[in-house]
Amino acid sequence: MFWGLFYLIQFFCGHGAAAGVRLGCPLLITVIMWACLLMPVRERDMRFGMAEQTGVWSSESQSDRSRPQTLRACTEQNRELTPQSAEGVAPLRRFLVSFAQWQWTVVVLTCQHKDSVYSFQRELELRQRRGSLSPGALVLTVRDRQEPLGSGGATLNALLVAAEHLSNRAGHTVVTADVLDDAHVLILHTGRDFPWSSCCRAFCWIPVENPDHEVQAPVCCLDMLLDRLTKQICPGSPPGVWVCSTDMMLSIPPDFTLSWEGFSGVRVLALPGEVPYAANHGVYLSDEQVNAQYNRFNLVFIHYSCFSLQGNVRDIIYKGTREQIQQAVMSDGKVPMVSLFLDILKCLCSDQTQHQFVNEEREGCSSVSGQSGALVRGGRTELWRILRGTSLTLVYVPGGNYDYLTLSGKDHIQRLSSNSTNKNTLSHIQTESLISDGAAVINSVLDGDVSVDSGAVVQHCHLQAGGAVVSWRAACLLGARLFPVLRPRAGVAGLEGGVSWLLRGGVSGLQSWREAWRLSLKEVMSLTHQEAELRWREELLFLSGRRRVRDALIGRSDACLLPCFRAAVMGGQQGALLETLDNKMDPQCPGAELGVSARCLSCIADVLVVMAGGKGGLRSGPAANEAWRSAYALLEEGDLSRGVQALTQQRDKWLCRPDLLVRAARHYEGAGQVLLRQAVMSSQRFISIGQGALPALEEWQEVHCPARLDLAASDWCSGSSHQRTSPPIGQSQRGRDSGVSTETLCESLEDLKDYCQPHAPGTSSILAGALLAAVYRCTGRTYDTDSLIHNVLYLEQILTTGGGWQDQVGGLVGGVKVGRSQAQLPLQVRVQQLSLSHDFLVSLEQHLLLVYTGKTRLARNLLQDVVRSWYSRLPRMVQNVQQLVANAEDCAKACLDGSLSGLGECLNRSWQQKKLMAPGCEPASVRLMMEALRPLVLGQSLAGAGGGGFMYVLTKLPRQREEVINALNNTPGLGDFSVHSVELDMEGITVVPST
């Protein structure tokens, strides 16, 4: 019988002799193994002998010649290889471990049944691939030994198996305890069967989803434990053995940390509990009167408060009287409950005498009377001799909380359905409105109109339309034989002729049910094939995942789909997932429009990259292979269905190698850009061009456009509701006091080639607007500014420049304005000019400066990464886009309020948001510039997408151009920068005829 003890045994310095390889007497092996682990150096130098008839190692003191030569040679060889400076290195190693990612050496999971070993081993390996277990850890699943080993026997057997595998890994030919000296060993006990989950408590699903998981996966009791151990409890601990149970739900405050400084010996961690509850369990009695309620399996999950109390354990009171338990009451009125390995821990308690430890009967432990009594007493005597004197300390955590999974069906349903806000856990529910408050659906697929009543829990089910799930009294029905398995005259009872009458009723069905041989739910659960059950759960997880992907795409949800993609690929379900994504681009499918289809193509690229497994080269790269050209042509023609089919046919030829997978992903992103261009080109609907009078021959058309600054937001918002605040500006060259706008004189097409002078922000889009205006005027066409804005959008997509979706607004519309576009097609840009006071505009001119960084950049390179991240709906990306939009509105408000300080805060915030949106957009030289100018400015940011080009600063005082120049001149490591004053333009684009 195992009570969940959570303790760590620190190995003493030195080297133990090897244990035997044959198990003739389990209890004696228990003694030997613990002697190797816990005894001081002088004890671990004891001689080990071998009983030849039984093949069992004993701890009798015999002469050295009785020791097997192979064992002696192995042990002595290991001792010679041990560095003498190990004691000096250990503190440094422990210090470094506390600041590194916690790594287990071995993780051993014990299970009760033989048929659980392979299925549970697969679950451990799956968690290792997901990253919740150390990738270098040795993971093992061990069946509990059937012989009665006493309390703690399964732990020792697991430790022996761990030592055996570590010995083999180290190249030894026999088992040696030396391999445990620097090992961090985690032993997890699954305990007994659980009637409400056929795969034991450890793999009982909890209605929780972890949004931080890189791989979509369920959260089970085991996962909660591993998370707490790895992140909060174990970091910094010395090498040793952790023993934990897995049959509770435990929570720990996020700010809790446990100090391991100076620790040695054995430590138990206990949680507070109520006195009445402790009467059926046990409590620790410490010299500090620190009592921790340990709900059976304290070891696994320990709930910690922000602080912990520690003390030496005097005694363990197990199932004592109320008066005995009252001795352990702490200042918070609760007691520390214990999870017991009494045969081991009792001998470490300071108030325990040898006579008490050896001779008293203890519930849950081997009896000291009867046929095996002498053996038990002998084993306890040996334990006392070896372990007595080892420090046993207690860490009690006030405020801790854990929930042990009892056999009560009522409690379990309440546990799973108590969170009314989370009715759906990794499930697909077609009609969410039919799920009542107080119900829970976990890892299930509910097709059609399936209703679930309050207090009912559906888990690991695929239910069809027309059904209803009601809340039953589980405690009464657990043993009721409801489920037909065989009819005496009709053979095996199927589902339709078996329990279907429970859903539909009917006299004939009831009579047939009564005649059948039936099993109870408890009997059915006991006969479950655990491997098949776990695979069924996984199959449902993938099915519901694909359907949720479909719903997210059609519903234009901002849910991140990458964790689902990784889980599908890890489970070998990539084929079904790719088929789902292909089908969402079928024109006959609801919601299959350009925006959804473009995201689907990007999602397929994500799946292909995940399939490559981090190999195959960079994702960004050329996508111009001839084999894909026909598919691209179909998409350009608007034939989405045939284009997707052509992509699929070509993709199937590129799945055999990581490099081909990555190149296929590039081509799918290229296909997505085709659809993206078509989506942006829908802005053509808002272009209205009329016919006017032709200008006179030889009449030139001079087009004047200011540059623009995006004070807040940017084109990064274009995937969602989009706002941008920007003023048009003219720039003055360095060394001049007058504000003269720069211009480019174009007398022939040659003048437009290789123009690489320092350009103002948004030049490409604004230049496109100027050229269109000039062409329209020269050809006698009429237009308005709104048409010109949308025409630039259309033109830039034809030219495949990729970006600049709203840059033209700043240069074509005068004054300070906000540009907005909704997340819908056709794409329409709406412009609101802000009515600002004259004094604020003058002040803004005096405080605003432009700094050319000396570093050119191409926005398209940044745009590709941003669009990819947006289509993946990375949580940080979605949140940042929302904040960009909000900051644009805050910026407009600051301008309307005439607040330069508020505007400066918006500039700084906008720059931080741009860096989150496009990592790498801040070159080192720009970072140096910003740091140098920080004392002088209210706010600063790079214009546009970042990466180089112009930086604009809002100075604290007016006319600080010279101070800015001096600060940059005194900063080493900068390139050929220039500083410009600005002049706000209130007119926007103007076309002036000239001769």
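The values are calculated or read from the model by the stated rules, or taken from the named source; none is laboratory data. None of these values were measured; they are calculated from a predicted model. Virtual Cβ from ideal backbone geometry, glycine too; neighbours counted across all protein chains shown. All accessible areas refer to the heavy atoms of the entire protein, side chains included, with ligands and DNA or RNA removed. Shrake-Rupley method; radii C 1.70, N 1.55, O 1.52, S 1.80 Å.
Annotation note: of Ala568, Ala532, the sole residue that is surrounded by fewer than 15 Cβ atoms within 10 Å (Cβ to Cβ), under 19 Å from Ser444 (Cα atoms) and among the aliphatic types (A, V, I, L, M) is Ala532.
Residues that are among the small types (Gly, Ala, Ser) and touching a Gly at 6+ places or on another chain (Cβ under 7 Å) were ranked within the range 440-457; the one that is most open to solvent (accessible area, probe 1.4 Å) is Ser454. Hey, can you tell me all the residues within the range 865-894 that are open to solvent by less than 30 Å² (accessible area, probe 1.4 Å) and either among the small types (Gly, Ala, Ser) or not in a helix (DSSP H, G or I) (or both)? Hits for the range 865-894 are Ser869, Ser872, Arg873, Ala888, Ala892, Ala894.
Within the range 359-383, the set of residues being under 17 Å from Ala154 (Cα atoms) and open to solvent by less than 20 Å² (accessible area, probe 1.4 Å) comprises Val376, Gly379, Arg380, Leu383. Among the residues of the range 896-926, those identified as touching a residue at least 24 places away in the same chain (Cβ under 8 Å), of a type outside the set (Phe, Trp, Tyr), in a helix (DSSP H, G or I) and open to solvent by less than 40 Å² (accessible area, probe 1.4 Å) are Leu900, Leu903, Gly904, Cys906, Leu907, Ser910, Gln913, Lys914, Met917, Ser925, Val926. Just wondering, is there one or more residues in the range 413-423 that are in a loop (DSSP other than H, G, I, E, B) and either modelled with pLDDT of 85 or more or buried (at least 21 other Cβ atoms within 10 Å of the Cβ) (or both)? Yes: the range 413-423 contains one or more residues that are in a loop (DSSP other than H, G, I, E, B) and either modelled with pLDDT of 85 or more or buried (at least 21 other Cβ atoms within 10 Å of the Cβ) (or both).
For the range 240-254, which residues satisfy the criterion of being open to solvent by 10 Å² or more (accessible area, probe 1.4 Å), assigned to a loop (DSSP other than H, G, I, E, B) and touching a residue at least 60 places away in the same chain (Cβ under 8 Å)?
Selection gives Ile252, Pro253.
Yes or no: Ser408 open to solvent by less than 50 Å² (accessible area, probe 1.4 Å) and either within 28 Å of His213 (Cβ to Cβ) or modelled with pLDDT of 85 or more (or both)? Judged against the criteria, Ser408 is not a match. If you check every pair at least six apart or on different chains, which have Cβ atoms under 6 Å apart with a residue in the range 381-400 that is without any contact (Cβ under 8 Å) to a residue 40 or more places away in the chain first and a residue that is among the β-branched types (Val, Ile, Thr) and not in a loop (DSSP other than H, G, I, E, B) second? Sorted first by the residue in the range 381-400, then by its partner, the pairs are Thr381/Val358. Scan the range 651-695 for residues that are more than 29 Å from the chain's Cα centre (by Cα) and without any contact (Cβ under 8 Å) to a residue 60 or more places away in the chain and the total you get is 4. Among the residues of the range 470-481, those identified as at pLDDT below 65 and not in a loop (DSSP other than H, G, I, E, B) are Ala474, Ala475, Cys476. Of the helices (runs of 4 or more DSSP H) lying entirely inside the range 763-829, those carrying at least 2 residues that are modelled with pLDDT of 90 or more and over 37 Å from the mean Cα position of the chain (by Cα) are 763-778, 785-798. Picking from residues in the range 90-136 that are at pLDDT 85 or above, among the aliphatic types (A, V, I, L, M) and part of a helix (DSSP H, G or I), the one that is nearest to Cys199 (Cα to Cα) is Val117. Kindly check whether there is at least one residue in the range 448-460 that is part of a strand (DSSP E or B), more than 27 Å from the chain's Cα centre (by Cα) and modelled with pLDDT of 85 or more. The answer is yes, given that some residue of the range 448-460 is part of a strand (DSSP E or B), more than 27 Å from the chain's Cα centre (by Cα) and modelled with pLDDT of 85 or more. Filtered by the rule that a residue be within 30 Å of Leu180 (Cα to Cα) and open to solvent by less than 10 Å² (accessible area, probe 1.4 Å), the range 202-238 gives Ala202, Phe203, Cys220, Cys221, Leu222, Leu225, Leu226, Leu229, Ile233, Cys234, Ser237, Pro238. Checked across the range 927-937, the condition of being in contact (Cβ under 8 Å) with a residue 60 or more places away in the chain and over 18 Å from Leu849 (Cα atoms) holds for no residue.
Here Ser286 meets each of (1) in contact with a strand residue (DSSP E or B) (Cβ under 6 Å, 6 or more places away or on another chain); (2) within 25 Å of Asp182 (Cα to Cα) with one exception, condition (2).
So is Val174 open to solvent by 30 Å² or more (accessible area, probe 1.4 Å), modelled with pLDDT of 90 or more and either in a loop (DSSP other than H, G, I, E, B) or of a type in the set (Asp, Glu) (or both) or not?
Considered against the rule, which asks whether it is open to solvent by 30 Å² or more (accessible area, probe 1.4 Å), modelled with pLDDT of 90 or more and either in a loop (DSSP other than H, G, I, E, B) or of a type in the set (Asp, Glu) (or both), Val174 comes out as yes.
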